[in-house]
Every structure is written in structure tokens, then in C-alpha cells.
Amino acid sequence: MRRSLFLSILHDIQQVNEYCIQTHDATSALGLSGVQKMTVVLQILQYGVPANAVDEYIRIGETIAIAALNFFTKTIVAIYEGIYLRSPNESNVFRLLQVEEQRVFPGMLGSLDCMHWH
């Protein structure tokens, strides 16, 4: 993901959800940043990384990773649902099918269960 897109999404999230804004804890130490929280969420969503595996890479525990994922997904839907998260109409489906036909395996739009592996 481009840095500009990442920061744009983070900015949008921070406008409606304070969870992704870095704060100080009870001991005045800085808490986790929005960048850290969004990075862990993207690792989980994009690569299927288990929430308990991000601690070594991003220094976020499993509980916080799951909380960040929940906040992120709910906020993304709230922000972008009306713009991007809508059901495709007939025109969208037709355009997507045309794009798929131009790829390597025309006519194979469904699953590959027609192939038998022995």
C-alpha cells in the first residue's frame, strides 16, 4: 500500500475514532500509535497473520491486536460504506466479468473443481 493511502486512511479513522490516536497511559508513557495499530490490522487482514503472532514484529499483544482489528473494521465500514462498500449492480458485474475474461484463463470464472487431481 502506498504511504499516502495508508496515511489518508489513518487520518480518516482518527477523525471518527479516538482509539487510533496515540495517548499517554496512567504512567505518562506514550501508548501505541495509530500507525502501529493500523499496521497490525493490515498484517492480520492482508497476510492472515494470527493476532498472537504480531507481538514479535510490531510489539503489540494479542488482546490489543484483536481490539485494533475490531475498531478498524467497524470504523472502515462506518466511514466508507456509502462510497465503496455497496452491492455490485449489473453494470459492475459485467465489467468485472469482461476484465476476468481477458486474463490468463478465460472461461474459468468459478472454482477449479472441474479438474480432478490424482
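From largest to smallest, the equivalent ellipsoid semi-axes obtained for segment 3-80 from the alpha-carbon gyration tensor read 18, 17, 11 Å. Dividing the helix sum by the residues of the chain, where each DSSP H run of 4 or more adds -39500 (n - 2.57), gives a mean residue ellipticity at 222 nm of -17000 deg cm²/dmol.
Each Lys and Arg contributes +1 and each Asp and Glu -1, all at the Cβ; summed about the Cα centre of the chain, the dipole is approximately 280 debye. Of the trypsin sites (Lys or Arg not before Pro) found in segment 1-50, those in coil by DSSP whose Cβ has at most 12 other Cβ atoms within 10 Å are Arg2. Scanning the chain for long hydrophobic helices, with DSSP H runs required to stretch 24 angstrom or more by C-alpha along their axis and to average at least 1.0 on the Kyte-Doolittle scale, returns 62-80.
Taking the chain as a Gaussian network of alpha-carbon nodes connected by springs under 10 Å, the highest mean-square fluctuation of the residues Ala53, Ala68, Ala26 belongs to Ala26.
Values quoted throughout were computed directly from the atomic coordinates according to the rules given, and no laboratory measurement underlies them. On a predicted model such as this, the values are computed, not experimentally measured, just so you know. Please note: Cβ atoms are built from the backbone with ideal geometry, for glycine as well, and neighbour counts cover all protein chains shown.
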